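Read-outs throughout are calculated quantities, based only on the coordinates presented, and are distinct from any laboratory measurement. All figures in this text were calculated on a predicted structure; none of them were measured in a lab. Glycine gets a Cβ as well: all are built from the backbone with ideal geometry, and neighbour counts include every protein chain shown.
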Ligand code: ADP
């Protein structure tokens, strides 16, 4: 039904039958009618449509009719709009409370359909009810303020309870993920271990590179179980990072052998990729304190990304420098680059830039996909060491290949010891 062109009335009411009835009566009188089901919706609609009159049911959810009225009165453009309480609450003090809250009048429910249009017209025409003496008004104002603070306290408590419950559920989820990934990893470790033992046997025929040979198939099982291992580790680490429970050892270590171990490991994965590595300054870096396996993982994620987003024939430069009391490692690739607006978000968990419809799981293939957890884990690990990680890239371009540079800043402790 088209809205009549007359004055606009906002009717706030949670009962659909009452809404339909009042709407029909008002539209028949030529008013345009907007409907709101609760106090918060009423505020939003009133701001938007600037009605000529508001009819406010008092007993509604969330903000009740009194509170919604008080709030409406504090909105500059709505200060003068007549607000009329429509309610079945007709006990002693209800009328006064409605007036104190900011209503201009009071229509009792159930609505008398014959009288209703005249009542509305009267308020439109300027009718305003008043409480009476200043003493009575002051008394009701005090009672109203106390009621408001009481309701506020109830809401704050309900929010605190909901927050505590959410934290409990979140912890259960994190514990479950840690346990589940542990449970899944245990049988996988057996599979990997036994396949490795089988591969030691000289009587296993074939060559790892000979497609379809028993040796190649066993090698494929070994590679696949290692990949699954990494996925479980990633999921587990993100849960620990989320729950602030990632612990890092403080061993003395040198970063150069660590970086070389990561690159060797990845070369094994990316056997078929023609990518050249260049290292600068790593040998001169001082000894640092940290957790070697975790740092291996942090660097692994960054360097495997550099491989994934660099086409064959590209180059990856890994540089180390000491700047005052920090060690600065950069991993620079010749790849597709990262859009400027995404450069912070790529460190968020589950964030992948690519269309997941084209997802192709690989750690080193050109643009092979992942879970979107790698950089989250890297950031968590580096931050747990007191460091920082960020990226610089001129943008994404598959033709021009602007490349990306990941920076890892690592603090030097006062007592790095002698190294190992
Ligand atoms: P995943 O674990 O799936 O590899 P990451 O958290 O490591 O995810 O990376 C998130 C996203 O950041 C990737 O989907 C990719 O779009 C982008 N990205 C990360 N490193 C690079 C890089 N060196 N070059 C281009 N894009 C990158």
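Structure notes:
- Placing pseudo-labels 7 Å out from each Cα toward the beta carbon at residue 264 and residue 276 gives an inter-label distance of 2.3 nm.
- Tensor-based shape of the stretch 17-154 (alpha-carbon gyration tensor, a/c under 1.5 rounded, otherwise prolate or oblate): prolate
- R0 of 30 Å, Cβ-Cβ distance residue 170-residue 217: FRET efficiency to nearest 0.05: 0.10
- Between 0 and 90°, nearest 10: helix 374-384 axis offset from the chain longest Cα axis: 90 degrees
- Percentage of interatomic Cα-Cα distances in the chain larger than 28 Å: 65 percent
- Hydrodynamic radius of the stretch 196-281 per Kirkwood, over alpha carbon pairs, in Å: 16.3 Å
- Alpha-carbon Rg with Dmax, taken over the stretch 90-161, Å: 15.9, 48
- Calculated SAXS-style log₁₀ I(q)/I(0) at q = 0.10, 0.18 Å⁻¹ - the stretch 264-356, Debye, Cα scatterers: -0.32, -1.01
- Gyration tensor (alpha-carbon) shape descriptor, the stretch 186-235, a/c threshold 1.5: oblate
- In the chain, the calculated helix contribution to ellipticity at 222 nm averages -15500 deg cm²/dmol per residue, counting -39,500 (n - 2.57) for every DSSP H run with n ≥ 4.
- Calculated over the stretch 212-331, the projected area of the Cα convex hull averaged across directions stands at 9.1 nm².
- Each of the peptides 277-283, 55-61, 224-230, 152-158 was scored by the mean count of other Cβ atoms within 10 Å over its residues; in descending order, highest first, they stand as 55-61, 224-230, 277-283, 152-158.
- Here the gap between residue 197 and residue 321, fully extended at 0.36 nm per residue and compared with their Cα-Cα distance, gives a gain of 40.5 nm.
- Angstrom value of the Kirkwood radius, inverse mean 1/r, which spans all Cα pairs in the stretch 1-47: 10.8 Å
- For the stretch 121-170, the Cα gyration tensor yields ellipsoid semi-axes of 40, 17, 4 Å (square root of five times each eigenvalue, largest first, whole Å).
- Three-way shape call for the stretch 135-251 based on the alpha-carbon gyration tensor, with the a/c threshold at 1.5: prolate
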